[in-house]
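Visitor: Encoded as structure tokens, here's the structure I'll be asking about.
The values are calculated or read from the model by the stated rules, or taken from the named source; none is laboratory data. Not measured: the values here are computed from a predicted model. Heads up, the Cβs are rebuilt from the backbone with ideal geometry, glycines too, and the neighbour counts pull from every protein chain shown. Accessible surface is based on the protein model in full, side chains and every heavy atom, while ligands, DNA and RNA are left aside. Shrake-Rupley method; radii C 1.70, N 1.55, O 1.52, S 1.80 Å.
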Amino acid sequence: MALKIAPWTHNIELFNPDWILLTLMYWSVAIPERVGIFYAWTTGLFTDVLTGQFFGHHALTYTLVIYACLKLHK
């Protein structure tokens, strides 16, 4: 989450991926029995609070992406 709020220059900001989502995607494929939809939803809520975005924006996005990863990983 520190990489999400770190101050970057404008040039680097264009190529800065969503590190939290990438980490969630990795762990949901690596250990799907422990990291799932609820984990993605709570992490998304924490990200919303951290970044000051509309409450539920990241939570919904992370939940939908992790649901797709869990359905398609096998």
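Visitor: Just the residues that are in contact (Cβ under 8 Å) with a residue 24 or more places away in the chain and open to solvent by 40 Å² or more (accessible area, probe 1.4 Å), please, taken from the range 1-38.
Guide: Met1, Lys4, Ile5, Met25, Val29, Pro32, Ile37
Visitor: In addition: Only residues that are more than 18 Å from Ala30 (Cα to Cα) and outside any helix (DSSP H, G or I): list them for the range 49-73, please.
Guide: Here is the first cut: in the range 49-73, the ones more than 18 Å from Ala30 (Cα to Cα) are 49-61.
Within the range 49-73, Gly52, Gln53, Phe54, Phe55, Gly56 qualify.
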